[in-house]
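Where a number appears in this text, it was derived from the coordinates with a stated rule and is not lab data. This is a predicted model, so every value here is computed, not measured. Because the Cβ atoms are built from the backbone with ideal geometry, glycine has one as well, and the counts that use them run over all protein chains shown.
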Amino acid sequence: MEPITHRVCQKFLPRVLGVTCRNRSSSASNPAPIYSRCATHLVSRIYQPSNLRDMVQDSRSPDEMICKSQRLMQQAGLIHPFNPGCYFYLPTIVRSMEKLVRLIDQEMEGIGGQKLDMPSLCSADLWKSSERWDLMGKELFRLKDRHGADYCLGPTHEEAVTTLVAYQSTMSHRQLPLLLYQITRKFRDEPKPRFGLLRGREFYMKDMYSFDMNEEAAYQTYESVCQAYTRLFSRLGLRCVQVQAGTGNIGGKLSHEFQLPADIGEDRLLVCGTCSFSANEETMSSRQTNCPQCKTGKLVESKGIEVGHTFYLGTKYSHIFNAAFSNSQNKPTIIEMGCFGLGVTRILAAAIEVMSTEEGIRWPGLLAPYQVCVLPPKKGSRVDEVAGLAVELAQTLGGTLPHLRGEVVLDDRTQMTIGKRLKDAQRLGYPYVVVVGQSTLEETPKFEVICQQTGETMFLGKDGLVDLLQRVETI
Ligand code: ATP
Ligand code: MG
């Protein structure tokens with residue numbers, strides 16, 4: 001990494017870091033703190049207020065029961081509660097969310113998805129056309145504009161996107177399949193918002209809508225989205241099951257849920273012990289114990305968190321809004337549709353729920369907000385002299401390994417012991433923690449490297465460390 005020039009240092013760092021830098025006039029007796037010269041993220045400057053205390057005081061009713069991911073996320077300063085089911089997403093979790101969005105973008109673009117962004121304010125007329133204005137009941141957040149016209153805040157966008165596609169009266173069969181998706185806030189007045197980001201009233205969803213020329217093509221699209229979802233969860237290291245599901249008030253002919261098995265999950269699944277059959281209990285006749293597919297296997301019940309949902313809609317919405325294309329004989333034909341949701345904020349919380357220990361967050365490697373945390377020694381300790389090495393290490397890691405640019409933090413809170421800061425690092429779950437301490441003073445300096453995903457501790461020289469971190473996958 002390039003050294004910070006005097007001008008940059010004088011003009012920029014003092015303002016950002018609130019420190020004075022060494023310059024021509026600074027004296028040896030009053031040197032600038034070395035950490036301020038480090039161009040990596042400093043833990044002391046990251047806004048991540050822990051708010052566990054408020055949460056414990058607030059959560060007296062059983063409905064507000066705290067689950068592991070919620071506790072860990074509030075403890076680590078990732079989220080802060082605001083209204084029921086609404087949270088501040090603090091800077092550290094926003095980094096993870098942006099990574100998840102990049103991953104979703106890759107997978108959606110991989111199957112031909114095009115990203116757009118639709119308005120959240122949706123006119124009641126559209127929702128009345130599909131009859132969902134009444135069907136949605138209290139779940140819909142409703143409001144009036146200054147002229148008295150009714151609106152809702154979008155909980156999903158079938159009506160909106162179908163109207164958009166219907167505007168284009170000259171759509172040709174050559175333009176199909178068309179896959180449009182967005183990653184935006186959704187609003188649902190949930191009866192029981194709880195468990196942090198697992199069930200919010202305002203949350204992020206990826207919703208994709210597909211448009212095909214016939215049923216067969218629509219089934220192919222449906223299959224390719226399911227495969228993309230499977231790939232996405234496998235890249236996150238999450239063991240997800242795809243189960244048959246009901247179509248609820250979205251409607252349509254075929255539907256699957258992507259469920260992450262977890263005790264905190266609110267869905268009940270039946271999974272066959274012999275074949276690949278699995279279904280949401282809602283779709284099965286009650287008390288069924290034998291597998292309807294292979295007939296011999298026993299169905300085992302487990303709980304799951306629904307992280308994704310796919311629907312084959314047919315012409316339900318395209319018929320209402322007259323979304324059509326001209327086929328190869330130039331005849332106007334109603335479009336076949338599918339819709340495909342992923343709970344973006346729910347995936348973050350669910351991953352934390354199933355991967356973490358009680359003491360600390362464990363992330364899907366790709367989503368860790370930072371990959372590496374470097375811990376310099378405590379100020380005034382016997383090994384204080386290696387503090388400079390820690391700064392240098394943090395800088396070179398971010399500089400020599402391009403995929404780690406911006407991924408290294410330095411825990412400069414050197415008034416605290418290494419032990420205390422290690423505990424915080426465990427809580428936040430940086431995949432790699434590098435302690436610059438005692439063993440750095442040995443003849444061949446070694447860093448203590450804790451790999452938090454595996455719990456392994458290694459002592460590595462700088463080359464060994466670079467070698468290890470070279471293999472870290474980032475997005
Ligand atoms: P649930 O049964 O959990 O209420 P849903 O079936 O109503 O969810 P969908 O309409 O299928 O949800 O929405 C698509 C995805 O959005 C879901 O699979 C889920 O991952 C996510 N999601 C839905 N509701 C919420 C919520 N209240 N908070 C966070 N994520 C949600
Ligand atoms: Mg669903």
Rounded, prolate or oblate (a/c below 1.5 giving rounded, otherwise prolate when a/b exceeds b/c) for the range 220-316 by Cα gyration tensor: oblate
Span-like helix ranges in the chain, DSSP H, alpha carbon extent 24 angstrom or more, Kyte mean at least -0.5: 91-110
Ranking of Val101, Val372, Val433 by count of other Cβ atoms within 10 Å, fewest first: Val101, Val433, Val372
Gyration tensor verdict on the chain (Cα atoms; rounded if a/c is under 1.5, prolate if a/b is larger than b/c, oblate otherwise): prolate
Prolate/oblate/rounded call for the range 404-475, Cα gyration tensor, a/c under 1.5 rounded: oblate
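Rank these for me by crowding, Val225, Val466, Val43, going from fewest to most other beta carbons within 10 Å. Write down the numbers at each step before the final one.
Numbers: Val225 25, Val466 16, Val43 21.
Fewest-to-most ranking of Val225, Val466, Val43: Val466, Val43, Val225.
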Computed label-point distance, nm, for sites Lys295 and Ala124 using a 7 Å Cα→Cβ extension: 5.5 nm
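I need the calculated FRET efficiency for the pair Arg235 and His147, taking r as the beta carbon distance and R₀ as 41 Å, to the nearest 0.05. Could the numbers behind the result be given before it?
Numbers: r = 48 Å, r/R0 = 1.16.
My answer for the efficiency is 0.30.
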Normalised contact order of the range 92-354, rounded percent, pairs of Cα under 8 Å and 6 or more residues apart: 22 percent
MRE, 222 nm, helices only [DSSP H, n ≥ 4, -39500 (n - 2.57), over the chain, to nearest 500]: -8500 deg cm²/dmol
16 Å Cα-Cα reach of Lys379 towards lysines, excluding residues that sit fewer than 8 places from it in its own chain: Lys420
Cross-link partners of Lys206 among aspartates and glutamates (Cα-Cα below 17 Å; sequence separation of 8 or more within a chain): Glu98, Asp105, Glu107, Glu109, Asp117, Glu158, Glu159, Glu257, Glu306
Residues Phe211, Phe187 arranged by fewest to most Cβ contacts within 10 Å: Phe187, Phe211
Distance in nm between pseudo-label sites at Leu135 and Lys303 (7 Å out along the Cβ direction from Cα): 3.0 nm
Label point at Ile111 placed 7 Å out along Cα→Cβ; residues across the range 152-169 whose backbone nitrogen lies under 20 Å: 156-159, 161-162
Taking the C-alpha atoms of the range 92-354, convex hull volume expressed per residue in Å³: 142 Å³
Contact order normalised by residue count of the chain, Cα under 8 Å, 6+ apart, percent: 15 percent
Cα-Cα over 21 Å, subset of Lys115/Lys186; Lys192/Lys303; Lys115/Lys253: Lys115/Lys253
Cleavage-rule hits, trypsin sites (Lys or Arg not before Pro), the range 141-186, DSSP coil, Cβ neighbours within 10 Å at most 13: Arg146
